[in-house]
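Reviewing the structure listed below.
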Amino acid sequence: MLRSQKWIILGTVLVFMNLPSVSLAQQSHIDIGLRSQKSLGLYLENGFVSQISFDRLADNRLFLGIGFVSSRLGSALGSNAIKQDNYQIWLSYYFKNRRKIRPFVSLNSGYFAADYEAEIFDVLDRSSMLLSASSGLEWTTPVQLKVNMALGYNIISGNGLNGPGTLYPLFAQLNFFYPLK
């Protein structure tokens, strides 16, 4: 399982390294930030996110993102909550491009892994592919910080028998993005 996580991370890093070519370098927009994600009814997960867009591609409305969120940085920090990690990639489309408040929709994918820590739970599913859709609003503050709030639905979720029992269908996200370029 750890080996497959390394390949997923390596693959997404390689994709991001190859996206901005020399001719598009001056016309790209890169945001980095923090994400707080809450499965409605379960854990709080925190982590790091980044996204990139290009002026020539959909007039800077289409963003490709990558992120990592974990309950290790949220509910499981200093408690006995289950440690779970989400490796995420997404494609977002923003409406009303020149406004301070912009609605958006996203299609998200990735990999989910839970660490139950005890051998007795080895019979339970502990990992799953992620596939979800989300929608929300983004506000650009006067100090260039972007505050992004979304509600989402995991199309692939689990109930403990089929899929990890801690992969709940509904979630909310709060993102803080700072534009690097």
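The values are calculated or read from the model by the stated rules, or taken from the named source; none is laboratory data. Just so we're clear, the structure is a prediction, and the values are computed from it rather than from any experiment. All Cβ positions, glycine included, derive from the backbone under ideal geometry; neighbour counts span all protein chains shown.
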Looking only at segment 85-120, filter to residues that are surrounded by 14 or more Cβ atoms within 10 Å (Cβ to Cβ), at pLDDT below 90 and of a type outside the set (D, E, K, R); which one of those is nearest to the chain's Cα centre (by Cα)? PHE112
Cross-chain or 6+ apart pairs with Cβ under 9 Å, segment 57-85 first and on the phi < 0 side of the Ramachandran plot, then in a strand (DSSP E or B) and loosely packed, with under 14 Cβ neighbours inside 10 Å: ARG61/TYR93; LEU62/TYR93; PHE63/TYR93
If I ask for residues that are over 20 Å from SER109 (Cα atoms) and not polar (S, T, N, Q), which ones from segment 66-82 would you list? ARG72, LEU73, GLY74, ALA76, LEU77, GLY78, ALA81, ILE82
Condition set crowded, with 20+ Cβ neighbours inside 10 Å and out of contact with any Phe, Trp or Tyr (no Cβ under 6 Å at 6 or more places or on another chain), scope segment 60-73, selection nearest to THR166 (Cα to Cα): answer is SER70
Please find, within segment 121-168, the residue that is modelled with the lowest pLDDT out of those that are among the aromatic types (Phe, Trp, Tyr) and closer than 30 Å to PHE95 by Cβ. TYR168
Condition set among the polar types (S, T, N, Q), crowded, with 20+ Cβ neighbours inside 10 Å and within 18 Å of LEU180 (Cα to Cα), scope segment 31-59, selection modelled with the highest pLDDT: answer is GLN51
Would you check which residues across segment 121-140 are surrounded by 12 or more Cβ atoms within 10 Å (Cβ to Cβ) and free of Cβ contacts under 8 Å to residues at least 12 places away in the same chain and list them? PHE121
